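Please treat every number below as a calculation from the coordinates, not as lab data. From a predicted model like this one, the values you see are computed outputs, not experimental measurements. Cβ placement follows ideal geometry from the backbone for every residue including glycine, while neighbour counts extend to all protein chains displayed.
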Amino acid sequence: GESVGLHLPTLSVQEGDNSIINCAYSNSASDYFIWYKQESGKGPQFIIDIRSNMDKRQGQRVTVLLNKTVKHLSLQIAATQPGDSAVYFCAATMAGGTSYGKLTFGQGTILTVHP
Amino acid sequence: DTGVSQDPRHKITKRGQNVTFRCDPISEHNRLYWYRQTLGQGPEFLTYFQNEAQLEKSRLLSDRFSAERPKGSFSTLEIQRTEQGDSAMYLCASSLSVVNTEAFFGQGTRLTVV
């Protein structure tokens with residue numbers, strides 16, 4: 001089955017620094033990946049996604065890198081701000097079959113940004 | 001607010017009681033998912049619907065759990081004879097039935113069984 005794991009449970013950075021959050025997945029059939037941000041007491045909030053036919057995708061202050069060879073993806077946050085403090089999850093799914101959209105989440109990385 | 005709405009936000013119940021949660025998805029989304037999240041963990045898939053049809057249920061969904069989406073719009077998740085181990089955040093998400101499209105989550109229902 002699919003499992004998605006994170007290398008580091010916590011990450012502490014200074015405001016203005018760049019942050020990198022890593023994630024490994026086990027199922028090579030996974031072909032769609034999403035990063036979510038979750039603040040305390042709230043549901044996960046979509047940040048950015050990437051399809052398996054891409055190795056990099058950029059958004060506003062965020063970049064996701066996908067390395068299918070080693071089944072690894074990362075989320076880079078530029079100029080991290082205190083408002084970025086939250087738990088970050090990666091999630092994976094497969095586009096094939098009827099189960100597309102059914103997400104497998106990792107444990108999460110707690111990002112703390114110090115002013 | 002046109003996002004995913006869940007009700008109630010918090011529920012405290014005594015062990016052995018039944019509870020029901022409601023989820024209203026984004027109106028044009030025909031896929032609806034239920035997840036459960038315990039403290040410090042990522043959400044775990046429970047079940048999902050395509051319109052009114054329940055297409056998949058996780059092994060986590062014991063026979064005390066039942067979910068419905070009778071008209072393909074809102075959904076309910078009922079837990080019968082609650083146990084302390086049911087204490088968790090129950091999250092609902094919805095999406096279009098298109099591959100490689102993101103799911104949008106509601107704020108969740110926090111269940112505490114005492």
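Beyond 23 Å between alpha-carbons counts as too far, so tell me which of A:68/B:57; A:68/A:102; A:42/A:102 fall in that bin. Before the final figure, lay out each step's value.
Working: A:68/B:57 29 Å; A:68/A:102 20 Å; A:42/A:102 20 Å.
Among A:68/B:57; A:68/A:102; A:42/A:102, the Cα-Cα distance tops 23 Å for A:68/B:57.
Please give me the summed charge of the neighbours of residue A:109: other residues whose Cβ is under 13 Å from its Cβ, Lys and Arg +1, Asp and Glu -1. That sum, taken over residues with Cβ under 13 Å, equals 0.
Based on the Kirkwood radius over alpha-carbon pairs, what value in µm²/s does the Stokes-Einstein equation return for the translational diffusion coefficient of chain A at 25 °C and 0.890 mPa s? This corresponds to a translational diffusion coefficient of 173 µm²/s.
Per the Debye formula on identical point scatterers at the alpha carbon atoms of the stretch B:57-114, with no solvent, log10 I(q)/I(0) at q = 0.13 Å⁻¹ is -0.42.
Hull surface divided by four, with the convex hull built on the Cα atoms of chain B: how many nm²?
6.9 nm²
Highest mobility in the GNM of chain B, judged by mean-square fluctuation with C-alpha springs under 10 Å and restricted to B:13, B:82, B:47, is found for B:13. Across the stretch B:46-114, Cα pairs under 8 Å and at least six residues apart give a relative contact order of 23 percent.
Output the relative contact order of the stretch A:18-115, whole-number percent, from Cα pairs under 8 angstrom with separation of 6+ residues. Can you show the working numbers first?
Working: 206 pairs, mean separation 31.0, N = 98.
Worked out over the stretch A:18-115, it gives 32 percent.
The local environment of residue B:55, defined by Cβ-Cβ distances under 12 Å, has a net charge of +2 under the rule Lys, Arg +1 and Asp, Glu -1.
If you take the alpha carbon radius of gyration of the protein assembly as shown and divide it by 2.2 N^0.38 Å, what ratio comes out, to two decimals? Let's see the in-between values first.
Numbers: Rg = 17.5 Å, N = 229, 2.2 N^0.38 = 17.3 Å.
So the protein assembly as shown has a normalised radius of gyration of 1.01.
Using Cα springs under 10 Å in a Gaussian network model of chain B, which residue among B:40, B:16, B:85 shows the largest mean-square fluctuation? Largest GNM mean-square fluctuation: B:40.
Once the other residues with Cβ under 15 Å from the Cβ of residue B:21 are scored (Lys, Arg +1; Asp, Glu -1), what is the net sum?
Numbers: positive: B:9, B:11, B:22, B:36, B:64, B:69, B:110; negative: B:7, B:24, B:68, B:78, B:86.
Local net charge: +2.
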